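Novice: Following this message is one structure expressed as structure tokens.
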Amino acid sequence: MIVSPVAGSLIPLKEVGDPVFSTGLMGEGIAVLPEDGKVYAPCDGEVIVIPPSQHAIGFRTKNGIEILIHIGTQSELIENEFKCKVKEGQRVERGDLIMTFDIQKLKAKNYDLTTPIVITNTKDFTDILTVDENKVKAGDKIIAVI
């Protein structure tokens, strides 16, 4: 099980405004509209990628599941707004604080903070199941990888 890295309202991935996510091009998963600016590790694993803007973090579990958390659909355009608390190659445990951002500041700038959580190597698994809930807390189960 993959847990929610943020607290907020769940959104089916197909309803995300960015077609890279809504069409499944990046993989299957779910999205969350965050309520605060704290992001936690969705699983035990290794941090495998953090772009220079720090708006996304990729993980790999010991079972080979690759997970991408992408804060916002325009976030690669925002500089100096995301503060990663981890680095590439670092091992994390589910629930570790991995990133912070000023949600009020970004909302004031009208940025879409919809946060896709996708299994980027979806084709390596039989099925990706998501929960059918409206709201989640960070740490709630949201994705089962079979």
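The values are calculated or read from the model by the stated rules, or taken from the named source; none is laboratory data. As the structure is a computational prediction, the values presented were derived from the model and not from experiment. Here the Cβ is made from the backbone with ideal geometry for all residues, glycine too, and neighbour counts use every protein chain on show. Just so you know, the surface numbers come from the protein's heavy atoms only, side chains and all, with ligands and any DNA or RNA stripped out. Shrake-Rupley method; radii C 1.70, N 1.55, O 1.52, S 1.80 Å.
Novice: Let me have the 222 nm mean residue ellipticity of the chain computed from DSSP H runs of 4+ only, each contributing -39500 (n - 2.57), with the sum over all residues rounded to the nearest 500. Walk me through the numbers on the way to the answer.
Specialist: Values: 2 runs with 10 residues, N = 146.
Mean residue ellipticity, 222 nm, calculated: -1500 deg cm²/dmol.
Novice: Also, quick follow-up: With the chain treated as a Gaussian network of Cα nodes joined by springs under 10 Å, which of Leu97, Leu13, Leu68 yields the largest mean-square fluctuation?
Specialist: The residue with the greatest mean-square fluctuation here is Leu97.
Novice: Turning to a different aspect of this structure: Counting other Cβ atoms within 10 Å, keep those with at most 16, restrict to DSSP loop, and tell me which GluC sites (Glu not before Pro) in segment 1-38 are left.
Specialist: Glu35
Novice: Return the loop-located trypsin sites (Lys or Arg not before Pro) in segment 16-70 (DSSP other than H, G, I, E, B) with at most 15 other Cβ atoms within 10 Å of their own Cβ; answer none if there are none. Display every interim value, and only then the final one.
Specialist: Values: sites: Lys38, Arg60, Lys62; in loops: Lys62.
Sparse-neighbourhood loop trypsin sites (Lys or Arg not before Pro): Lys62.
Novice: Further question on the same structure: Using Cα centres only, tell me the gap between segment 91-136 and segment 1-42 in whole Å.
Specialist: 4 Å
Novice: Turning to a different aspect of this structure: Which entries of Lys83/Lys123; Lys14/Lys135; Lys62/Lys135; Lys14/Lys87; Lys87/Lys135 have Cα-Cα distances beyond 25 Å here?
Specialist: Lys83/Lys123; Lys62/Lys135; Lys14/Lys87; Lys87/Lys135
Novice: Which percent of the accessible heavy-atom area of the chain goes to carbon and sulfur, probe 1.4 angstrom?
Specialist: Ligands and nucleic acids excluded, carbon and sulfur give 47 percent.
Novice: Using only the Cα atoms, what convex hull volume per residue in Å³ does segment 64-124 have?
Specialist: Per residue, the Cα convex hull of segment 64-124 comes to 109 Å³.
Novice: If DNA, RNA and ligands are ignored and the probe is 1.4 Å, what is the ranking of Thr122, Thr130, Thr23, Thr115 by accessible area, most exposed first?
Specialist: Descending order: Thr23, Thr130, Thr122, Thr115.
Novice: Something else now. Please sort by residue number the trypsin sites (Lys or Arg not before Pro) in segment 99-146 whose DSSP state is loop and whose Cβ has at most 15 other Cβ atoms within 10 Å.
Specialist: For trypsin sites (Lys or Arg not before Pro) across segment 99-146 that sit outside H, G, I, E and B with at most 15 neighbouring Cβ atoms in 10 Å, the list reads Lys109, Lys137.
Novice: Okay, moving on. In terms of modelled amide H atoms, which long-range or inter-chain residues lie less than 5 Å from the amide H of Asp140?
Specialist: Amide H to amide H, under 5 Å and 5 or more residues apart or across chains, Asp140 pairs with Ser4.
Novice: Hey, if we sort Cys43, Cys84 by accessible area with the 1.4 Å probe, largest down, what's the order?
Specialist: Cys84, Cys43
Novice: Per residue, how much accessible surface does segment 1-80 expose to a 1.4 Å probe? Answer in Å², no decimals.
Specialist: 43 Å²
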